[in-house]
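First the structure, in the form of structure tokens, and then the observations on it.
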Amino acid sequence: MTQAAKTVAFPTRTLRNPTDLVESGLVAVENLPALDAVAARYAIAITPEMAELVDPRDRRDPIGRQFVPDPAELAVLTEERPDPIGDGAHQVSPGLIHRYPDRVLLKFINVCAVYCRFCFRREMVGPQTPNPNPDDVAAAVGYIRAHPEIWEVILSGGDPLVASPRRIATLIQELAAIDHVRIVRYHTRVPIVAPERVTDALIAALQSDGLTSWVAIHANHPREFTREARAAIGRLADAGLPLVSQSVLLAGINDDPDTLAALMRAFVENRVKPYYLHHGDLAPGTRQFRTSIAEGQDLMRALRGHVSGLCQPTYVLDIPGGQGKTPVGPCFTGPNGEAMTVTDFRGEAHRYPPG
Ligand SMILES: *Cc1c(COP(=O)(O)O)cnc(C)c1O
Ligand code: SF4
């Protein structure tokens, strides 16, 4: 018999604890005690589609690092915080965050199809957190109805596309009946990590007469665009849903110009307009994933001009106090006496006259 590589049993169901991970070959048995300590604190879930993408022999695998727990998650820095983007400061009813004038974010489910190790809401998501109950959702809808300045409702979580189509449809019908709510936006990782969930019934539930639905799809590495994921995104696009992207800048995963360009091109090739590249939030135990803002700006500079304009996301930081998202550059202009200096994508400076 020739020497075989270590057998990996591709799972057929979502892996939810360290024992599952050992059995599937994704982690070594000697790591079990350390990972049990992580599991006691943070939820774990890796769908079969994502587990299959992981190379278990590569500890730096960009898919594995996003989902496979690591003891480093228990090291919390003083600047890290349980509520890194300050949701609590703007919560107006259970699960409803009103941070910006014309839009609210509703967490109407607290579970996800996968649990990302860098998640900014990692202290709030997972099966141990109760989902908002019907009274909470009713209170949120009541608040939205009473605030005519709310033009858009963003469904987040957790991952709203994990909810049943019936539950989503009920909420969407209620929102559609409110005249001033024109847009519903879903923030989801489901089309990528659990593409089989994107069924006709789900797609029908996302839309309603009386409002326009947008879907923001979260992916961080070009390898996440499996054949099944591309098909699921295609079903959403074919149904007429406008699609935008969200990614998190992650050290060692997508923080090099080639990977970032390939990720943005993968979105565009799949009819998803790149929207946000998020700077890593100060979530507890996530230092190993964060870059500096200066590194992020260099990466954005590397994309601009060299890669199609369609492939350019806005690089944003969610200010830790809860003051919201702000673009963090890079900036291509600067003062030049009375005039301005404008820098082109090759780095050459040009004078532009005042006024
Ligand atoms: C991120 C976020 C939004 C959406 O912001 P956009 O800039 O419109 O994408 C809205 N509300 C809250 C509370 C958020 O955290
Ligand atoms: S899917 Fe989103 S909310 Fe869920 S664990 Fe990942 S980053 Fe967090």
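Right, Val111: closer than 30 Å to His147 by Cβ, within 16 Å of ligand 1 (Cβ to nearest atom) and assigned by TED's automatic domain parsing to the domain that holds Ser292 or not? Against the criterion (closer than 30 Å to His147 by Cβ, within 16 Å of ligand 1 (Cβ to nearest atom) and assigned by TED's automatic domain parsing to the domain that holds Ser292), Val111 does not qualify. Restricting attention to region 72-92, the residues that are within 15 Å of ligand 2 (Cβ to nearest atom) and open to solvent by 50 Å² or more (accessible area, probe 1.4 Å) total 1. Of the residues making up region 163-178, those that are surrounded by fewer than 18 Cβ atoms within 10 Å (Cβ to Cβ) and within 16 Å of Cys112 (Cβ to Cβ) are Ser164, Arg167.
For region 179-200, what are the residues that are away from ligand 2 (no atom under 16 Å from the Cβ) and open to solvent by 10 Å² or more (accessible area, probe 1.4 Å)?
Asp179, His180, Arg182, Ile183, Glu196, Thr199, Asp200
Within region 244-259, being open to solvent by 10 Å² or more (accessible area, probe 1.4 Å) and either modelled with pLDDT under 95 or outside any loop (DSSP other than H, G, I, E, B) (or both) holds for Val244, Gln246, Val248, Pro257, Asp258, Thr259.
Checking every residue in region 102-121 against the condition of being of a type outside the set (Phe, Trp, Tyr), open to solvent by 40 Å² or more (accessible area, probe 1.4 Å) and at pLDDT 95 or above gives at least one match.
Of all the residues in region 142-166, those that are in contact (Cβ under 8 Å) with a residue 40 or more places away in the chain and over 18 Å from Gln91 (Cβ atoms) number 6. Listed by first and then second residue, the pairs with beta-carbon distance under 8 Å, at least 6 apart or on different chains, first residue in region 273-298 and in contact (Cβ under 8 Å) with a residue 12 or more places away in the chain and away from ligand 1 (no atom under 16 Å from the Cβ), second β-branched (Val, Ile, Thr) and open to solvent by 30 Å² or more (accessible area, probe 1.4 Å), are Pro284/Val76; Gly285/Val76. For region 161-186, the tally of residues that are out of contact with any helix residue (DSSP H, G or I) (no Cβ under 7 Å at 6 or more places or on another chain) and closer than 26 Å to His221 by Cα stands at 2. One residue stands out among those in region 315-355 that are modelled with pLDDT of 95 or more and acidic (Asp, Glu): the one that is farthest from Tyr100 (Cα to Cα), which is Glu348. Considering region 188-200 alone, what residues qualify as being among the charged types (D, E, K, R) and assigned to a loop (DSSP other than H, G, I, E, B)? Residue satisfying the conditions is Arg189 alone. Give the residue that is farthest from the chain's Cα centre (by Cα), with candidates limited to residues of region 108-141 that are touching a residue at least 40 places away in the same chain (Cβ under 8 Å) and outside any loop (DSSP other than H, G, I, E, B). Among them, the one singled out is Ala139. The residue that is most open to solvent (accessible area, probe 1.4 Å), counting only those in region 267-284 that are under 18 Å from Asp318 (Cβ atoms) and out of contact with any strand residue (DSSP E or B) (no Cβ under 8 Å at 6 or more places or on another chain), is Leu282. When the residues of region 201-218 are filtered to those that are part of a strand (DSSP E or B) and either within 12 Å of Ala176 (Cα to Cα) or more than 16 Å from ligand 2 (Cβ to nearest atom) (or both), the one that is least open to solvent (accessible area, probe 1.4 Å) is Ser213. Could you check region 318-337 and list, in sequence order, the residues that are open to solvent by 40 Å² or more (accessible area, probe 1.4 Å) and part of a strand (DSSP E or B)? Answer for region 318-337, where residues must be open to solvent by 40 Å² or more (accessible area, probe 1.4 Å) and part of a strand (DSSP E or B): Ile319, Lys325, Thr326, Pro327, Thr333, Pro335, Asn336. Could you tell me how many of the residues in region 118-159 are among the small types (Gly, Ala, Ser) and farther than 30 Å from Asp70 by Cβ? Total satisfying the criteria: 5.
Residues that are within 16 Å of ligand 2 (Cβ to nearest atom), surrounded by 20 or more Cβ atoms within 10 Å (Cβ to Cβ) and within 30 Å of Ala169 (Cβ to Cβ) are absent from region 133-147 altogether.
Checking each residue in region 69-96 for being of a type outside the set (D, E, K, R) and in a loop (DSSP other than H, G, I, E, B) picks out Pro69, Ala75, Val76, Leu77, Thr78, Pro82, Pro84, Ile85, Gly86, Pro94, Gly95.
The values are calculated or read from the model by the stated rules, or taken from the named source; none is laboratory data. This one's a predicted model, so the numbers in the text were calculated from it and none came from an experiment. When we count neighbours, we look across all protein chains shown, and the Cβ atoms used for this are built from the backbone with ideal geometry, even at glycine. Each accessible area value is taken on the protein alone, full model and side chains, heavy atoms only, with ligands, DNA and RNA left out. Shrake-Rupley method; radii C 1.70, N 1.55, O 1.52, S 1.80 Å.
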